[in-house]
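Since the structure comes first, as structure tokens, the remarks are kept for the end.
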Amino acid sequence: MKFNTALLHDKNVDDRFGSTLPPIYQVSAFSHQSPEALEKVFNNKAPGYAYSRIGNPTVSEFEGRMSGLEGGIGAVACSSGMAAVTMSLLNILASGDEVIASAGLFGGTIDLFGDLRPFGICTRFVKRACVEEIEPLITQHTKAVFVELIGNPALDIADIESVSALLHKYHIPLIVDSTTATPYLIQPLKHGADIVVHSTSKYVNGSGNSISGIIIDGGSFQWNPDRYPGFEEYRKYGKFAYLSKLRNGIWRNVGACVSPNNAFMNIIGLETLGLRMERLCYNALELAKFFDETNGIEVNYPALETSPYYSISQKLLGGRGGAIVTIRAGSKERAFSLINHLQIPLIATNIGDVRTLVIHPASTIYAHGTQEQKINAGVFDDTIRISVGIEDIEDLKEDFAQAINHIREVI
Ligand SMILES: *Cc1c(COP(=O)(O)O)cnc(C)c1O
């Protein structure tokens with residue numbers, strides 16, 4: 001099946017009444033006929049559910065669909081994208097370990113690497129996620145490399161094919177946050193990534209109605225217990241070692257589960273992911289071209305021929321650039337004035353909504369970033385991030401054109 005057909009038909013709704021969508025199992029616990037039966041479920045000796053922090057059928061349905069779309073061997077859904085990022089790393093790291101990450105990451109993820117320092121986990125950043133910059137930073141302590149496929153908000157594209165080939169020579173896994181790309185644009189596991197994470201709050205959900213995340217495992221990385229001592233007791237699970245350790249360990253014990261209702265919201269969102277992404281990428285490219293032709297506005301969009309990431313967006317993303325565009329207005333005053341004159345976009349800190357959203361990153365999501373972190377993320381005083389929506393492109397262009405006309409007088 002091709003992408004859009006699979007979104008609708010490649011699933012197994014297990015329901016006695018023929019419901020077209022999976023039921024929402026909005027329960028905390030599942031009762032069993034005997035203590036023997038519950039003992040088996042609890043100890044992974046029989047399929048079934050015991051408690052929704054550990055497993056829930058609606059959540060399983062969501063996990064199965066995401067894993068299928070990404071070409072993984074399984075998935076674990078989380079309470080948020082940040083929970084997914086955190087759990088994906090803590091499942092393999094220990095005190096004394098090092099991570100290499102790209103500097104243009106989502107602000108929350110940059111902050112998280114700071115939070116991990118007191119636990120003895122140190123992160124080194126590269127400006128560009130490429131072989132030349134990553135290889136010199138590898139040490140015997142490097143246990144993971146973390147990149148975003150399309151950096152939010154830097155909009156840099158990680159060359160995951162060459163980076164993963166390099167890392168596998170050193171037995172280091174590549175973890176890819178593919179939130180902004182979505183499985184519609186690329187399935188990173190098929191290009192060498194070992195683990196994929198998403199903030200499913202964004203494009204998967206699609207309407208901005210709930211927070212959630214997910215971790216998907218490709219199942220091909222060898223978690224050698226000499227380098228990853230925590231994997232000793234999970235050896236028996238073979239290629240499912242990473243997922244088994246996650247499910248039976250830190251994910252369940254931290255309590256990072258997603259609610260069944262939010263999993264259901266994402267299942268509905270997923271069904272239109274292909275349609276939405278097609279329209280979003282079209283609108284984003286049209287808008288980017290419009291900005292490119294507009295005096296006084298500097299635009300950053302990976303699928304524009306002027307972008308340094310143009311050729312890699314052609315190679316990895318089939319020439320599509322995702323749905324985020326950033327522009328520079330010339331000064332903070334002009335950026336604020338431009339935003340104030342927009343009629344259609346909402347001023348909100350989110351991406352992946354069907355509505356166009358705008359934000360001034362330097363004063364909000366990057367307000368606590370250092371000057372260096374801001375520059376690496378492509379966040380300047382005059383930067384506006386636009387999460388393009390599915391509105392009619394003529395309306396969006398007209399709205400930005402009139403707002404830009406208003407700032408012509410602002411110095
Ligand atoms: C939003 C986002 C996150 C964090 O996700 P939440 O669901 O807000 O916790 C992580 N990575 C990227 C790329 C994001 O855009």
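Before moving on, here are some points about what is shown:
- Here Lys239 meets each of (1) over 18 Å from the mean Cα position of the chain (by Cα); (2) crowded, with 21+ Cβ neighbours inside 10 Å with one exception, condition (2).
- Taking residues in region 148-170 that are in contact (Cβ under 8 Å) with a residue 40 or more places away in the chain, and partners anywhere that are open to solvent by 20 Å² or more (accessible area, probe 1.4 Å) and within 13 Å of the ligand (Cβ to nearest atom), the pairs with Cβ atoms closer than 6 Å and at least 6 places apart or on different chains are Asn152/Phe106.
- Any hit, region 42-60, residues being within 16 Å of the ligand (Cβ to nearest atom) and either open to solvent by 10 Å² or more (accessible area, probe 1.4 Å) or not in a loop (DSSP other than H, G, I, E, B) (or both): yes
- Selection count where residues are surrounded by 14 or more Cβ atoms within 10 Å (Cβ to Cβ), over 11 Å from Pro57 (Cα atoms) and free of Cβ contacts under 8 Å to residues at least 60 places away in the same chain, scope region 1-36: 2
- Unmet criterion (only one of (1) part of a loop (DSSP other than H, G, I, E, B); (2) without any contact (Cβ under 8 Å) to a residue 40 or more places away in the chain) for Asn405: (1)
- Residue within region 22-45 that is among the hydroxyl-bearing types (Ser, Thr, Tyr) and touching a helix residue (DSSP H, G or I) at 6+ places or on another chain (Cβ under 7 Å) present: yes
- Taken over region 103-143, the criterion of being away from the ligand (no atom under 16 Å from the Cβ) and among the hydroxyl-bearing types (Ser, Thr, Tyr) is satisfied by Thr139, Thr142.
- Scanning region 154-178 for residues that are within 14 Å of the ligand (Cβ to nearest atom), open to solvent by 10 Å² or more (accessible area, probe 1.4 Å) and outside any strand (DSSP E or B) returns Ala154, Asp156.
- Among the residues of region 198-232, those identified as more than 16 Å from the ligand (Cβ to nearest atom) and either buried (at least 19 other Cβ atoms within 10 Å of the Cβ) or touching a residue at least 60 places away in the same chain (Cβ under 8 Å) (or both) are Asp217, Gly218, Gly219, Phe221, Trp223, Arg227, Tyr228, Pro229, Gly230, Phe231.
- All of Phe106, Phe125, Phe113 fail the test of being more than 11 Å from Val147 (Cα to Cα) and among the aromatic types (Phe, Trp, Tyr), apart from Phe113.
- Positions within region 340-389 being out of contact with any helix residue (DSSP H, G or I) (no Cβ under 9 Å at 6 or more places or on another chain), modelled with pLDDT of 95 or more and more than 15 Å from the ligand (Cβ to nearest atom), in sequence order: Leu346, Arg355
- Some residue of region 288-308 being touching a helix residue (DSSP H, G or I) at 6+ places or on another chain (Cβ under 6 Å), of a type in the set (Gly, Ala, Ser) and either outside the structural domain of Tyr51 (by TED's automatic domain parsing) or under 16 Å from Val379 (Cα atoms) (or both): yes
- Within region 80-149, helices (runs of 4 or more DSSP H) holding 2 or more residues that are open to solvent by 20 Å² or more (accessible area, probe 1.4 Å), of a type outside the set (A, V, I, L, M) and over 22 Å from Ile186 (Cα atoms): 107-116, 131-134
The values are calculated or read from the model by the stated rules, or taken from the named source; none is laboratory data. Note that the coordinates shown come from a computational prediction; the quantities given were computed from them, not determined experimentally. No Cβ is skipped: glycine too gets one built from the backbone with ideal geometry, and neighbour counts run over all protein chains shown. Quick note on the areas: whole protein, heavy atoms, side chains included, nothing else; ligands and nucleic acids left out. Shrake-Rupley method; radii C 1.70, N 1.55, O 1.52, S 1.80 Å.
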